[in-house]
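Peer 1: The structure is given below, and queries will be raised subsequently.
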Amino acid sequence: MTATALSTADLPASAIDAATAHLRDVLAIALEHGPGRRALVVFDGRTGLSRALVEAYRRNLPEAVFIDFDSVTPDTVLAAFKDYAAGDLVVLVQSTNFRLDGFRLRVELFKLGLKVIEHVHLSRMPGAQGDHYIEALAYDPQYFRGVGHALKARIDVARRAEVHGGDAVLVFDSPLESAKLNVGDYSAMNNVGGQFPIGEVFTEAQDLEAVSGRAQVHVFGDTSYLVNRPAAPITLVIERGRVVDAENVTPEFQQVLDIIRRDEGEVWVRELGFGMNRAFTRERRVDDIGTYERMCGIHLSLGAKHGVYAKPGFKRKDARYHIDVFVVTDAVYLDDERVYADGGWTVAAS
């Protein structure tokens, strides 16, 4: 069966039941969407995963308005958004991603004060990957919020960090930037919601040139924004915050490095991401890199681009690339405390 056939096949009733239960918690706990607030669901029915999610939302939001993106004009969708007030909810269920003439969906909806749940690129996750995606929607607030805030507390005071994986050690010999949370707790944020599944705490070195050592890449985002897993890990050699060599490199990964060097001159290592979603592991993957980014472990970004942390000498117009790479992770240390072991975060919920 082809990937296209797999992606369009309906998911079993058990998957829809699971999605219904997980999204009930997302709506009630993470989004705090309660009685008296209106909801709009804009969707397409092109894939089995999108249809499963839409049915789950129909069960959880019986009073919501549902609009099939493929059956109306873009102007109809844009007009519908204007009928909703700050604090109402918009859900976007997209097999690809909806294009609305320069209207940056999530950003513009946030400007209207709307809560947003965005599911995107569902067509990239066919077959059993749909089950992995649904499992990743499970929302355990004690884990995501408790462990997430505990990691942030340690990151924000750490003087250095180390990532150990295989025979490689990558050292961040610098304090880290104040960590950002994507854990379903929006109490201190201007916007409520975002792209789901969630589960990440991220930072980067305050001094990018203080990053050095080696890291083994087991998955990277390729030029099609898809998960690419080489047959054996690729070892990055990093000096003064830059990738200076890559061992056991594949043609696809070399292409990524070549493109970054062509347009930016050198390959910087920026983001240090602490993925928290336990539904995704080194072996349990989905093909969409933006979804897999939440996997439980460490990921880095290659390229000069990072929209959250401004650094001297990095101009937004010149920084073009932010390529996620996922490194073999056996242990993570913040100062002398080991915070990752046996495939999971070991800090106690704060």
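Peer 1: Compute the acute angle (0 to 90°) between the alpha-carbon long axis of helix 48-60 and the principal axis of greatest extent of the alpha-carbon atoms of the chain; round to the nearest 10°.
Peer 2: Once rounded, the angle reads 60 degrees.
Peer 1: I'd like the distance between the alpha-carbon centres of region 224-256 and region 125-196, rounded to an integer number of Å.
Peer 2: 23 Å
Peer 1: Specify whether the C-alpha gyration tensor of region 112-257 places it in the rounded, prolate or oblate class, a ≥ b ≥ c being the square roots of the eigenvalues: rounded for a/c under 1.5, otherwise prolate if a/b is larger than b/c and oblate if not.
Peer 2: It comes out oblate by the Cα gyration axes.
Peer 1: Checking the a/c ratio against 1.5 first, then a/b against b/c, what shape does the Cα gyration tensor give for region 32-75?
Peer 2: It is oblate, given that a/c is not under 1.5 and a/b is not larger than b/c.
Peer 1: Relative to the longest principal Cα axis of the chain, at what angle does helix 13-25 sit, 0 to 90 degrees, rounded to 10?
Peer 2: Helix 13-25 and the main axis of the chain meet at about 80 degrees.
Peer 1: May I pose another question? Students often check this: by mean Cβ neighbours within 10 Å, which of 199-210, 183-194 ranks highest, and how do the rest follow?
Peer 2: Highest to lowest by the protection proxy: 199-210, 183-194.
Peer 1: If you take the Cα atoms of the chain, find Rg, then find the Kirkwood Rh from the mean of 1/r over all pairs, what is Rg/Rh?
Peer 2: 0.97
Peer 1: Hey, another quick one. Express the Stokes-Einstein translational diffusion coefficient of region 240-341 in µm² s⁻¹, to the nearest whole number, given a Kirkwood radius over alpha-carbon pairs, 25 °C and a viscosity of 0.890 mPa s.
Peer 2: Stokes-Einstein gives a translational diffusion coefficient of 164 µm²/s.
Peer 1: Between GLN142 and ALA310, what is the label-point separation in nm under the 7 Å Cα-to-beta-carbon projection?
Peer 2: 4.2 nm
Peer 1: Could you look at the chain and say what percent of its accessible area is carbon and sulfur, using a 1.4 Å probe and all protein chains?
Peer 2: Here it works out to 48 percent.
Peer 1: Related question: Measuring with a 1.4 Å probe in the full set of protein chains, what accessible area per residue, in whole Å², belongs to region 110-216?
Peer 2: Heavy-atom accessible area per residue stands at 36 Å².
Peer 1: With +1 on the Cβ of every Lys and Arg and -1 on the Cβ of every Asp and Glu, and nothing else charged, how large is the dipole of the chain about its Cα centre, in debye rounded to the nearest 20?
Peer 2: The calculation lands at about 660 debye.
Peer 1: From the helices alone, meaning DSSP H stretches of at least four residues, give me the mean residue ellipticity at 222 nm for the chain, per-run term -39500 (n - 2.57), in deg cm²/dmol to the nearest 500.
Peer 2: -7000 deg cm²/dmol
Peer 1: In region 239-293, if the dipole is taken from +1 on Lys/Arg beta carbons and -1 on Asp/Glu beta carbons about the Cα centre, which of ILE289, VAL244, VAL256 is farthest to the positive end?
Peer 2: ILE289
Peer 1: Now for a different question. Can you tell me how much longer the chain between ASN97 and ASN191 gets when fully stretched, taken as 0.36 nm per residue apart minus their C-alpha distance, in nm with one decimal? All intermediate terms of the calculation are to be shown ahead of the outcome.
Peer 2: Details: separation 94, 0.36 × 94 = 33.84 nm, distance 2.04 nm.
Gain on stretching ASN97 to ASN191: 31.8 nm.
Peer 1: For LYS305, list the lysines whose Cα falls under 16 Å from its own Cα; do not include residues on the same chain fewer than 8 positions away.
Peer 2: Reachable lysines: LYS315, LYS317.
The values are calculated or read from the model by the stated rules, or taken from the named source; none is laboratory data. Predicted, not measured: the structure shown is a model, and the values here were computed from it. Cβ atoms come from the backbone with ideal geometry, glycine included; neighbour counts cover every protein chain shown. For accessibility, only protein heavy atoms count, side chains too; no ligands or nucleic acids. Shrake-Rupley method; radii C 1.70, N 1.55, O 1.52, S 1.80 Å.
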